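K.L.:
I'd like to ask you about the structure that follows.
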């Protein structure tokens with residue numbers, strides 16, 4: 001096995017682990033590694049990253065259905081916007097300017113990171129019996145040992161960010177979880193574990209039209225590097241899923257906020 | 001809720017998830033192995049089929065959500081799920 005293949009495997013493993021812990025597809029990590037460190041073209045890196053995103057989403061499907069934290073109704077509603085965004089992005093792969101796209105992404109990530117740091121100690125849960133609305137939910141919280149409820153707020157904002165995440169999925173190969181999870185948690189009142197699980201469900205569906213477009217463009221090549229990345233993701237996801245119950249929500253929030261800050265810095269200052 | 005409270009439909013969903021996951025693991029490992037033993041054409045074919053399977057999994061999950069909403073007679077969310085399925089179906093078919 002060559003260095004490039006080992007790098008793809010390692011980056012995939014890290015991305016998969018993050019996927020299990022905080023619900024991101026890991027494209028934000030995979031694209032730079034595949035593009036800069038391994039030397040794939042940006043389009044090939046994007047396509048391989050999307051295969052990794054789908055592997056993350058597929059890994060979540062083996063958990064018992066009732067032990068999954070995702071909010072299916074919220075996911076369906078937001079998917080309408082993220083899939084529309086992905087289709088728009090896929091149709092305009094060559095139209096958008098790279099630098100303006102990265103600037104928008106960087107500013108959005110910076111705002112989300114700031115809100116996450118401000119709300120590190122805030123828990124998005126309500127007492128049992130509260131009005132949770134149409135999109136809210138209830139789940140067993142391992143941190144408190146009891147059942148908790150939550151209500152989804154600012155749905156139009158969630159729809160707008162999901163649309164933007166869909167566009168970015170097609171254009172720069174990220175799963176969109178890096179925007180969706182902090183947005184749902186910090187701005188929409190969704191507990192982190194639910195936000196992460198809902199994001200994993202969403203990123204897989206959103207990646208389908210984007211990958212179809214990349215595949216049709218021939219960006220997957222002979223599929224080899226994409227496969228190495230995806231194998232890494234599958235291994236990393238299992239590791240992350242083992243660690244996840246042991247990691248307190250606050251630590252996950254710190255990891256997520258730090259990650260979003262790094263991404264913001266990368267996109268704002270290294271364009 | 002615990003795993004023991006799973007309904008037949010839940011078990012079917014989980015079984016599909018496990019079978020698909022197994023297929024993905026086998027396909028990826030098999031394809032990479034074939035690549036290393038210089039069977040490049042066969043490797044590409046196996047990996048292409050595996051990518052197709054990876055793209056099918058989210059669509060089937062979405063279909064399961066649609067069925068669940070239909071069983072609950074929640075027509076609004078069932079319509080939303082059907083709309084999303086139609087969108088990704090259109091997006092994929094347009095690229096074939």
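K.L.:
Between residue A:120 and residue B:73, what is the label-to-label distance in nm when each label sits 7 Å out along the Cα-to-Cβ direction?
P.N.:
Each label point is offset 7 Å from its Cα along the Cβ direction, giving 5.0 nm.
K.L.:
Something else: Ranked by Cβ crowding within 10 angstrom, fewest neighbours first, how are A:267, A:150 ordered?
P.N.:
A:267, A:150
K.L.:
I'd like the FRET efficiency for residue B:90 and residue A:217, computed as 1/(1 + (r/R0)^6) with the beta carbon distance as r and R0 of 22 Å, rounded to 0.05. Write down the numbers at each step before the final one.
P.N.:
Working: r = 18 Å, r/R0 = 0.82.
The formula returns an efficiency of 0.75 here.
K.L.:
Given a cut-off of under 8 Å on Cα pairs at least six residues apart, what relative contact order in percent is computed for chain B?
P.N.:
Over chain B, the number comes to 20 percent.
K.L.:
In nm, to one decimal, how far is the modelled label at residue A:131 from the one at residue A:159, with both set 7 Å along Cα→Cβ?
P.N.:
Between residue A:131 and residue A:159, the simple spin-label model gives 2.1 nm.
K.L.:
Separate question: Using Cβ counts within 10 Å as a stand-in for footprinting exposure, how do A:178, A:172 rank, fewest first?
P.N.:
A:172, A:178
K.L.:
Provide the packing ranking of B:76-89, B:28-41, i.e. peptides ordered by the mean count of other C-beta atoms within 10 Å per residue, highest first.
P.N.:
B:76-89, B:28-41
K.L.:
Would chain B count as rounded, prolate or oblate if I go by the C-alpha gyration tensor, calling it rounded below 1.5 in a/c and otherwise prolate when a/b exceeds b/c, oblate otherwise?
P.N.:
oblate
K.L.:
By how many degrees, 0 to 90 and rounded to 10, does the Cα axis of helix A:72-91 deviate from the longest principal axis of chain A?
P.N.:
Between the helix axis and the principal axis of chain A, the angle is about 20 degrees.
K.L.:
Expressed as an acute angle from 0 to 90° and rounded to the nearest 10, what is the orientation of the C-alpha long axis of helix A:192-216 relative to the principal long axis of chain A?
P.N.:
30 degrees
K.L.:
Here's a follow-up. Inverting the mean 1/r over all pairs of different Cα atoms, compute the Kirkwood radius of region A:12-82 and quote it in Å. The partial results should precede the final answer.
P.N.:
Working: mean 1/r = 0.0753 Å⁻¹.
So the Kirkwood estimate lands at 13.3 Å.
K.L.:
Okay, next question. At 7 Å along Cα-to-Cβ for each site, give me the label-to-label distance between residue B:41 and residue A:107 in nm.
P.N.:
5.3 nm
K.L.:
Provide the convex hull volume over Cα atoms per residue for region A:3-269, in Å³.
P.N.:
111 Å³
K.L.:
Mind computing the radius of gyration and Dmax over the alpha-carbon atoms of region A:125-220? Å is fine for both.
P.N.:
In Å, with Rg to one decimal and Dmax whole: 15.8, 53.
K.L.:
Within 10 Å of each Cβ of B:64-77, how many other protein chain Cβ atoms are there on average?
P.N.:
Working: counts 3, 8, 2, 0, 3, 3, 0, 0, 0, 0, 2, 0, 4, 6.
Across the residues of B:64-77, the mean count of other-chain Cβ atoms within 10 Å is 2.
K.L.:
Now for a separate question. Using Cα pairs under 8 angstrom and six or more residues apart, how large is the relative contact order of chain A, in percent?
P.N.:
Contact order relative to length: 39 percent.
Quick note: the coordinates plus some simple rules give every number you see, no bench work behind them. All values reported here derive from a predicted model rather than from experimental measurement. Methodologically, a virtual Cβ is constructed for each residue, glycine included, from the backbone with ideal geometry; neighbour enumeration extends over all protein chains shown.
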